[in-house]
Amino acid sequence: MGPPGATLDTTYAQVNQYVIHSQTMFPPEIPTGRNIPGWTDFSEGRVDFAAKVMEGFSSSYFGTSDGSGTGQPLSSSGSCIRQFKIQPHVECTNEVCEINGDDYSVWMSIAPNDTSKTFGEFYPQEEILYETGLESRVTDYISRCIVVDSIYPWLAIHSFTDEVPSCPQGNSYGYRFESYKLWEGYSLISEMADQGKASSQDLTLPGSCMKKFVPLSTARCSLSGAAGKPYCNFARSGAVNIYVRNSKCTSEETETVGPYSYGEQREDMDYYVSRCVVCVIKGM
């Protein structure tokens, strides 16, 4: 029989990999116990429990001209691509590999940062060409992300109400743990760029808890737009975000907030969405 295995009490018992999406044009910060109220262990290796592996752009879905495609869960490192590419994939068979101009990629867009505008006013309404020297006209609207390794596991918890849940604390069956809030947000199930084509989230993982509420957060990009040039579209018909519903909305009738006319402020939309928290769990 070998020596006992590592436990949660061991500093480097396990390494967990997660992705954080900023929903801004800047990479998110690396979580650290130094910024967490109530963090109790400041020993080396425990207070700085996470390390950045890489940073990139928030990717959601790759689609092909024949209607097939694959989504990237937002908690997977595959959803954080180092370089932004309009079409980062190629279709291959036994006979040929082909770059098809009708294939497309879907990226997470940033959350609106201008409160004087409605969601519809903030995002470009027309196709934005992706041209050499003018790439920022597109990339300034694409969320950034980081991939981190953490010695402690993270857990997303959803309240199914409009109240932010608490991080759990445990002391039962001889096992004690404490957990701390990394961030709070809104419970995202999936981002859909086209009807039926979506990236779905595991509700236990951080990718299901977005810090900022955005009713639509996808940019669909292709090599061949209306002008026959590479482009991205931030207001595509058929795109939709699916969130966990706030259970306090109990009406059996269909309830609708919006649509908002241009110049009208967006109010009450996020009330219909469940709140969530991402916690880091530390054994004691």
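Worth a mention:
- Residues of segment 59-109 satisfying the condition of being touching a Gly at 6+ places or on another chain (Cβ under 8 Å) and aliphatic (A, V, I, L, M): Leu74, Ile81, Val106
- Restricting segment 140-156 to residues that are open to solvent by 20 Å² or more (accessible area, probe 1.4 Å) and under 15 Å from the mean Cα position of the chain (by Cα), the residue that is nearest to Asn113 (Cα to Cα): Tyr141
- Lys211 fulfils the conditions (1) modelled with pLDDT under 90; (2) closer than 22 Å to Phe119 by Cβ except for a single criterion, (1).
- Ser105, sole failed condition from (1) in a loop (DSSP other than H, G, I, E, B); (2) more than 22 Å from Gly185 (Cβ to Cβ); (3) open to solvent by less than 30 Å² (accessible area, probe 1.4 Å): (1)
- Of all residues in segment 53-96 being among the aliphatic types (A, V, I, L, M), without any contact (Cβ under 8 Å) to a residue 40 or more places away in the chain and exposed (fewer than 15 other Cβ atoms within 10 Å of the Cβ), the one that is farthest from Asp149 (Cα to Cα): Val96
- When the residues of segment 237-284 are filtered to those that are modelled with pLDDT under 65 and of a type in the set (Val, Ile, Thr), the one that is surrounded by the most Cβ atoms within 10 Å (Cβ to Cβ) is Val257.
- Of all the residues in segment 178-208, those that are at pLDDT 85 or above and either in a strand (DSSP E or B) or open to solvent by less than 40 Å² (accessible area, probe 1.4 Å) (or both) number 17.
- Out of Lys181, Lys117, one residue alone is out of contact with any Gly (no Cβ under 8 Å at 6 or more places or on another chain), over 30 Å from Ser43 (Cβ atoms) and charged (D, E, K, R). It is Lys117.
Yes or no, residue by residue, for (1) within 21 Å of Ser208 (Cβ to Cβ); (2) at pLDDT below 80; (3) in a strand (DSSP E or B):
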{"position": "Pro4", "(1), (2), (3)": "no, yes, no"}
{"position": "Gln17", "(1), (2), (3)": "yes, no, yes"}
{"position": "Phe26", "(1), (2), (3)": "no, no, no"}
{"position": "Ile30", "(1), (2), (3)": "yes, no, no"}
{"position": "Trp39", "(1), (2), (3)": "no, no, no"}
{"position": "Met54", "(1), (2), (3)": "no, no, yes"}
{"position": "Tyr61", "(1), (2), (3)": "yes, no, yes"}
{"position": "Asp66", "(1), (2), (3)": "no, yes, no"}
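- Screening Asp162 against (1) within 27 Å of Glu184 (Cα to Cα); (2) open to solvent by less than 40 Å² (accessible area, probe 1.4 Å) leaves a single unmet condition, (2).
The values are calculated or read from the model by the stated rules, or taken from the named source; none is laboratory data. Because the structure is predicted, anything quoted here is derived from the model rather than measured. Methodologically, a virtual Cβ is constructed for each residue, glycine included, from the backbone with ideal geometry; neighbour enumeration extends over all protein chains shown. Accessible surface areas use protein heavy atoms only, side chains included; no ligands, DNA or RNA. Shrake-Rupley method; radii C 1.70, N 1.55, O 1.52, S 1.80 Å.
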